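Worksheet: the structure to be examined is printed underneath.
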Amino acid sequence: MTQPAIFWTPQAWLPGGWARDVRLTVAPDGTWQQVESGVAKSLAGKAAATVIYMDNPVLPGVVNAHSHAFQRAIAGLTERSGGQSGDITDDFWSWRDRMYRAALQITPTQLEATATQLYAELLQGGYTQACEFHYLHKDVDGQPYADPLEMSLALVRAAHATGIGLTLLPVLYMHSGFAVQRTGGGLRDDQRRFASTPDSVLRIAEAVNALALPRVNAGLALHSLRAVDPGALKEASAA
């Protein structure tokens, strides 16, 4: 797209509420250039621009504020009931076990394919931004990748391919529980791919932001108070 694109709708939700006869101009970089209400349909066109007329109300894009893209791979595999009584046999813990199994197997290529499918589905459902809580940092053996961004870039490529906005949030994950944290212990074996430090997640965020890609930025997430000790929390917050 080299010229602004123009859309017109009889009704749109703007910061002040519902507005009528709205012309929306999209800049060549895909961002909103101008949003005007009270523009008659007959006056919506501009010189050298094609107007796309919409008949239905328009809402702003929705933000998926907490995404775990790899978990799309287990959708429909964790909701089960057992026995003739129909009692629900699954609970959070059985769900978590299946999630860990998926987390321990998924490769960068598989993650990219899964995230691409998820992000396309989100766009179809009206989501235009995903905040990706990303904690698959290590390889399947729990060892660092030659490129620390291996898994992160799989998500970035998925977002770029679909056009969704991405806020990558590398997750700081250091301890499996409060008791382990108090004794200075780390993660369980089935959490080995999550291992990270304040420095490692900050380096991921800095590297992704340095790419300066359109619609892609990075921040930082802390998994939980049980997984991040006070010292690490302060270090990450200060950075």
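The values are calculated or read from the model by the stated rules, or taken from the named source; none is laboratory data. Fair warning: this is a prediction, and the values are worked out from it, not measured in the lab. Cβ atoms come from the backbone with ideal geometry, glycine included; neighbour counts cover every protein chain shown. With ligands, DNA and RNA removed, areas are computed over all heavy atoms of the protein, side chains included. Shrake-Rupley method; radii C 1.70, N 1.55, O 1.52, S 1.80 Å.
Of a type in the set (Gly, Ala, Ser) and closer than 25 Å to residue 109 by Cβ: is that true of residue 238 in this structure? Reasoning before the result, please.
On the way: of a type in the set (Gly, Ala, Ser): yes; closer than 25 Å to residue 109 by Cβ: no.
Considered against the rule, which asks whether it is of a type in the set (Gly, Ala, Ser) and closer than 25 Å to residue 109 by Cβ, residue 238 comes out as no.
Listed here are the residues, each with its yes/no results for (1) surrounded by fewer than 16 Cβ atoms within 10 Å (Cβ to Cβ); (2) under 26 Å from residue 130 (Cα atoms).
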| residue | (1), (2) |
| --- | --- |
| 3 | yes, no |
| 7 | no, yes |
| 36 | yes, no |
| 43 | yes, no |
| 54 | yes, yes |
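Taking the numbered list (1) farther than 15 Å from residue 71 by Cα; (2) open to solvent by 50 Å² or more (accessible area, probe 1.4 Å); (3) modelled with pLDDT of 95 or more in turn, residue 87 passes all entries but (3).
Any residue in segment 177-194 that is in contact with a His (Cβ under 9 Å, 6 or more places away or on another chain), under 19 Å from residue 65 (Cα atoms) and aliphatic (A, V, I, L, M)? No.
Within segment 1-54, restricting attention to residues that are hydroxyl-bearing (Ser, Thr, Tyr) and not in a strand (DSSP E or B), the residue that is farthest from the chain's Cα centre (by Cα) is 42.
Considering only residues that are at pLDDT 95 or above and open to solvent by 70 Å² or more (accessible area, probe 1.4 Å), which ones fall in segment 63-79? Residues satisfying the conditions are 63, 66, 72.
Of all helices (runs of 4 or more DSSP H) completely enclosed by segment 163-239, which ones contain at least 2 residues that are at pLDDT 95 or above, closer than 14 Å to residue 152 by Cα and open to solvent by less than 60 Å² (accessible area, probe 1.4 Å)? Outline the logic, then answer.
Values: elements: 178-182, 198-210, 230-238.
In segment 163-239, the matching helices (runs of 4 or more DSSP H) lie at 198-210.
Among 139, 147, which is the only one that is open to solvent by less than 70 Å² (accessible area, probe 1.4 Å), farther than 20 Å from residue 187 by Cβ, modelled with pLDDT of 95 or more and in a loop (DSSP other than H, G, I, E, B)? Walk me through it before giving the result.
Values: 139 fails: farther than 20 Å from residue 187 by Cβ.
After applying the criteria, what remains is 147.
Suppose we filter 210, 221 for residues that are of a type outside the set (Phe, Trp, Tyr) and without any contact (Cβ under 8 Å) to a residue 60 or more places away in the chain; which single one remains? None of the others qualify; the one that does is 210.
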